[in-house]
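Heads up: the structure comes next, in structure tokens.
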Amino acid sequence: MHLGLIGYGNIAAALIERLTPSQVRQVTALIRPASDAAERHAAQPLKGAPPVRFVTSLEALTDARPQLIVECAGHAALRDHGPALLRAGHDMVIASLGALADSQFQEQMDTAAREGKARIILPSGAIGGLDLLRGVALSGKVEVSYTGRKPPQAWKGSPAEDAVNLDRLEEAATFFTGSGRQAALQYPKNANVVAALALAGAGFDTMRVALVADPAAQGNQHAYEVVSPLCRYQMQIDATGSAGNARTSATTVLSILQEITTYRATL
């Protein structure tokens, strides 16, 4: 299979490291013209991984004709390239699910997918149990509350810095409470799990979210509760942060890998 990538940061590099040429024969990665990703990759080649070709234009990526494209470059990159790639008929795995909290952009993506007869594939990311949530949501009203707990450094560069002193926290501090839509839009680098739950049936506007900076946290904790007339359940996942990026759980890469493996089986 020929795999396309949008971006070549932490998630992409960790993903390529887990792939073999027997799974993916070629990778074409779209990067910004000013990016040093190609140089970094050349300086630290991944043994046993498929070869990676770097391109700097959307046209070059589409001309390469990848069978599946994985977006792992953030909300802005998805906005810039997602609709055009779907309209051109490329199936896409989207890591930056939080971008779909913008209802107008979600409609734009859905319209592009219909026009291009392409699939939008939503990985579970760092969360689990979405199959049960999807089923429960079909029965009618469902209430979902989510709490994301991460070490203070994982919230650096986010609005959390305006709410609490992340460098001097001595105990857990809840710095955000609000709707799933608010969380996904205000914390685009931290709250893709919120979007995964919302899109699985919780709904961006109806689910409740709390975000916590905890100096005692060893990794990224995702906990949520589902209440419906038919069942009630709770789930908690304590995930190791991804190497080089404390914001991202290592399981996020594995969920994307699983989607690639499933897609490849259909070819």
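The values are calculated or read from the model by the stated rules, or taken from the named source; none is laboratory data. What you are looking at is a predicted structure, and each value in this text was computed from that prediction instead of being measured. Backbone-built Cβ (ideal geometry, glycine too); neighbour counts: all protein chains shown.
So the values come out like this:
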item: Residue that is nearest to Lys189 (Cα to Cα), among those in segment 119-146 that are in contact (Cβ under 8 Å) with a residue 40 or more places away in the chain and part of a strand (DSSP E or B); result: Tyr146
item: Residue check, Val70 farther than 21 Å from Pro123 by Cβ, touching a helix residue (DSSP H, G or I) at 6+ places or on another chain (Cβ under 8 Å) and either outside the structural domain of Gln186 (by TED's automatic domain parsing) or not β-branched (Val, Ile, Thr) (or both); result: no
item: Residue identified as assigned by TED's automatic domain parsing to the domain that holds Met109 and either in contact with a Ser or Thr (Cβ under 8 Å, 6 or more places away or on another chain) or of a type in the set (S, T, N, Q) (or both) among Ala37, Ala43, Ala64; result: Ala64
item: Complete set of residues in segment 154-213 that are in a helix (DSSP H, G or I) and of a type outside the set (A, V, I, L, M, F, W, C); result: Glu161, Asp162, Gly180, Arg181, Gln182, Gln186, Asn192, Gly201
item: Selected residue [closer than 15 Å to Gly7 by Cβ and at pLDDT below 95] from Ala29, Ala49, Ala42, Ala76; result: Ala76
item: Some residue of segment 104-118 being within 28 Å of Leu211 (Cα to Cα), in contact (Cβ under 8 Å) with a residue 24 or more places away in the chain and of a type in the set (Gly, Ala, Ser); result: no
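Yes or no, residue by residue, for (1) modelled with pLDDT under 95; (2) crowded, with 21+ Cβ neighbours inside 10 Å:
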| residue | (1), (2) |
| --- | --- |
| Ser139 | yes, no |
| Gln153 | yes, no |
| Lys156 | yes, no |
| Ala173 | no, no |
| Phe176 | no, yes |
| Gln182 | no, no |
